[in-house]
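Colleague: Attaching a single structure in structure tokens format; questions to follow.
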Amino acid sequence: MGPRVPLPPEIQLAQRLAGNEQVTRDRAVKRLRKYIVARTQRAAGGFTHDELLKVWKGLFYCMWMQDKALLQEELGRTISQLIHAFQTTEAQHLFLQTFWQTMNREWTGIDRLRLDKFYMLMRMVLNESLKALKMQGWEERQAEQLLELLTTEILHPDSQAPSGVKSHFLEIFLEELSKVGAAELTADQNLKFIEPFCTIAAQTKDSLVLHNITRGVFETIVEQAPFAIEDLMNELEAPEEEEGTSEDEPEEDVPSKEPRRGSLHGAAPDPSEEPAGDGEDSMGPVLQFDYEAVASRLFAAASQQDTPSRNRKRLYKVIRKLQDLAEGLFPEDDVPEKACRNLQEDRRERKTKKRLPKSALQNKAGKGGEEDSCPDLSSGAERMARRQGSGAERTGPQEQPGGPAGRGARKRRRRRRPRAGARTKVTDCQDLRMRRRQPPRSGK
């Protein structure tokens, strides 16, 4: 037998990454990071597409074998930060491309108990890829390359991405972008980040993709508009208040800072309590947008001739909301007021409908009681006695059908029968009298 051919280092690392023991997997992840740094520093170095696919298969099953939520989160953070070990932008993009291709290939084999940790892994990888773009100064060319990579591998009709990957990506993209670049990105830069979604929403034939883009991107922009404007106003007011306090009280620094924090954040002046106030609003950093520019860009994509009518109708509704925001109207704030008014009107109508039959019945019962009641009963005690007696007569036959109340009812019926018989007897006597008055007929 000849000597064994040594396996490539990528396959060896992939085998150790998918090992049964956690210690072996942790060591393999550390060695992989060192191997990436050492190989990408070479002038003729770098990874091929197939080599990174093998590495990602090992990383995928490394995440598959990991148990316990905290350890899964730590491992996901370690794997997602491997992108920073690559020294060139092309290598980073190839690393991201092979990651999304691996997720598309292995997605159908993930059971429901392991979905959450892979959802978390996709979120972390997207976050770190945006951080890598931030470290490069949000260069326009590199941002376009990253967006083209994401749309080609995930949202393009020819991509092999399952519906679960598409839906989760559209749900987390704007959120992760706001976490990374809300403090630095301008409205024009944010418009360039959402331009691919305008084109895909207008041309897609997948109703699920259309719904997720409109709900996860455009309607989210509309919902976050009040918070974005509030953040912008706070940024504009902050330097003015700092100038005023520095001119009025230049020596006392501490008292001048305390009321300023309370006026802006509405919380205690301690810095430790400010994050708690932000958490109560349940709204983190928000991106700034030029709503008129977003509406015009979306209209240009939706008004083309080859746009399906279903997509055009859905996008035109979003365009109207964006145009209202550009004019200073907040449609989301008006909807709850109208809904409350409609609910109040419906409740009033229901109450009136319920009250009308009751009042009519009470009026009818009152008229019947006046007819049945005797005019002699004038005092309240006699009326109460009358009511008690009537109640006893009603309940008596049900409890004791053979009691005195039942006999009284039978006697009354017997009294009425003779009257009917008397009437019949009277009619018979009248017939006899008429016969007697008639002369007898002769036998001839």
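The values are calculated or read from the model by the stated rules, or taken from the named source; none is laboratory data. Since the model is a prediction, treat every value here as computed from it, not as a measurement. Methodologically, a virtual Cβ is constructed for each residue, glycine included, from the backbone with ideal geometry; neighbour enumeration extends over all protein chains shown. Protein only, heavy atoms only, side chains kept; ligands, DNA and RNA dropped before computing areas. Shrake-Rupley method; radii C 1.70, N 1.55, O 1.52, S 1.80 Å.
Colleague: Please state the shape class of region 1-156: rounded when a/c is under 1.5, otherwise prolate if a/b exceeds b/c and oblate if not, all from the C-alpha gyration tensor. Provide the component values of the computation, followed by the final result.
Modeller: Details: a/c = 1.66, a/b = 1.16, b/c = 1.43.
The shape class here is oblate.
Colleague: For LEU208, what charge total do you get from the other residues with a beta carbon under 15 Å from its beta carbon, if Lys and Arg give +1 and Asp and Glu give -1? Numbers along the way, then the final one.
Modeller: On the way: positive: LYS166, LYS205, ARG215, ARG310, ARG314; negative: GLU171, ASP206.
Here the count lands on +3.
Colleague: Mind running the shape call on region 68-127? Use the C-alpha gyration tensor, a ≥ b ≥ c as the square roots of the eigenvalues: rounded below 1.5 for a/c, prolate if a/b tops b/c, oblate otherwise.
Modeller: Values: a/c = 3.24, a/b = 1.43, b/c = 2.26.
Cα axes put region 68-127 in the oblate bin.
Colleague: Largest first, what is the accessible-area ranking of ARG105, ARG297 with a 1.4 Å probe?
Modeller: ARG105, ARG297
Colleague: Using protein chains only and a probe of 1.4 angstrom, how many square angstrom of ILE11 are accessible, to the nearest 10?
Modeller: We get 50 Å² for ILE11.
Colleague: Got a sec? What order do LEU13, LEU94 fall in by accessible area at 1.4 Å, biggest, i.e. largest, first? Before the final figure, lay out the partial values.
Modeller: Working: LEU13 15, LEU94 40 Å².
Result, largest first: LEU94, LEU13.
Colleague: What is the percent carbon and sulfur in the accessible area of region 14-82, measuring with a 1.4 Å probe over the protein chains and ignoring ligands? Could the numbers behind the result be given before it?
Modeller: Numbers: 1970 of 4030 Å².
In region 14-82, the share of accessible area belonging to carbon and sulfur is 49 percent.
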